[in-house]
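> Sharing a structure, written as structure tokens. Questions coming.
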Amino acid sequence: DLKGFTSPADIFNLVFFLVAFGVALLHFLLADNDFSRVGAFVANLVTGNLAALPAAGAGTPLLPASVVLLSVLLAYIPLTHMSHFVGKYFAYHAVRWNDEPNLPGSKTEGKIPDLLNKTVSWSAPHIRGDGRKKTWAEAATENPARPEEK
């Protein structure tokens, strides 16, 4: 009963990933398990050398197929909702795991007084900013459950 959560575009995207990386894996396993052909291709690409790569038997068409598929995939990702995996690192992983402890004498401790003196710029009911000039220190030290004094 989860069919409503998976669109045909999602299936296409996953199949595209599997095919592109599957062809690259086949190229590695069958024709270039020391990466010499890929290394030569990248060197030619970076230096602008248009010389053909030496043939390497049965796996010869796999390198160009892999390059084309992975290039198209790289160009296609930003056009889909799957591009979130790039932003997810910066929006979640970097924030979640780059926590620095607030130790006495640390840079973090030195930044806190300046940050607490900034004014609250939004008006959530539990903050009671309401456009007044209120600092984060005031917001952090008052009890939002207590009735507001007028």
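> When region 120-138 is examined, which residues are found to be out of contact with any Gly (no Cβ under 8 Å at 6 or more places or on another chain) and either modelled with pLDDT of 85 or more or not small (Gly, Ala, Ser) (or both)?
125, 126, 127, 128, 130, 132, 133, 134, 135, 136, 137, 138
> Give region 1-32 a look and list any residue that's part of a loop (DSSP other than H, G, I, E, B), exposed (fewer than 11 other Cβ atoms within 10 Å of the Cβ) and not charged (D, E, K, R), or say none.
Matches in region 1-32: 2, 6.
> Quick check on my filter: what residues within region 107-129 are basic (Lys, Arg), touching a helix residue (DSSP H, G or I) at 6+ places or on another chain (Cβ under 8 Å) and either surrounded by 11 or more Cβ atoms within 10 Å (Cβ to Cβ) or within 28 Å of residue 10 (Cβ to Cβ) (or both)?
If the condition is that a residue be basic (Lys, Arg), touching a helix residue (DSSP H, G or I) at 6+ places or on another chain (Cβ under 8 Å) and either surrounded by 11 or more Cβ atoms within 10 Å (Cβ to Cβ) or within 28 Å of residue 10 (Cβ to Cβ) (or both), then 128 is the only one that fits.
> If we keep just the residues of region 76-128 that are of a type in the set (D, E, K, R) and assigned to a helix (DSSP H, G or I), which is farthest from residue 144 (Cα to Cα)?
Checking each candidate, the answer is 88.
> Continuing with this model, one more query. How many residues, within region 92-106, are surrounded by 10 or more Cβ atoms within 10 Å (Cβ to Cβ) and either modelled with pLDDT of 85 or more or farther than 22 Å from residue 139 by Cα (or both)?
So the count comes out to 5.
> Could you identify the single residue in 79, 74, 115 that is of a type outside the set (D, E, K, R) and in the same structural domain as residue 137 (by TED's automatic domain parsing)?
115
> Still on this model: Hey, can you tell me all the residues within region 18-55 that are of a type in the set (Gly, Ala, Ser) and in contact with a Lys or Arg (Cβ under 9 Å, 6 or more places away or on another chain)?
Across region 18-55, the qualifying residue is only 31.
The values are calculated or read from the model by the stated rules, or taken from the named source; none is laboratory data. Computed from a prediction, not measured in an experiment: that's the story for all the values here. In this analysis, Cβ positions are derived from the backbone assuming ideal geometry, glycine residues included, and neighbour counts consider all displayed protein chains.
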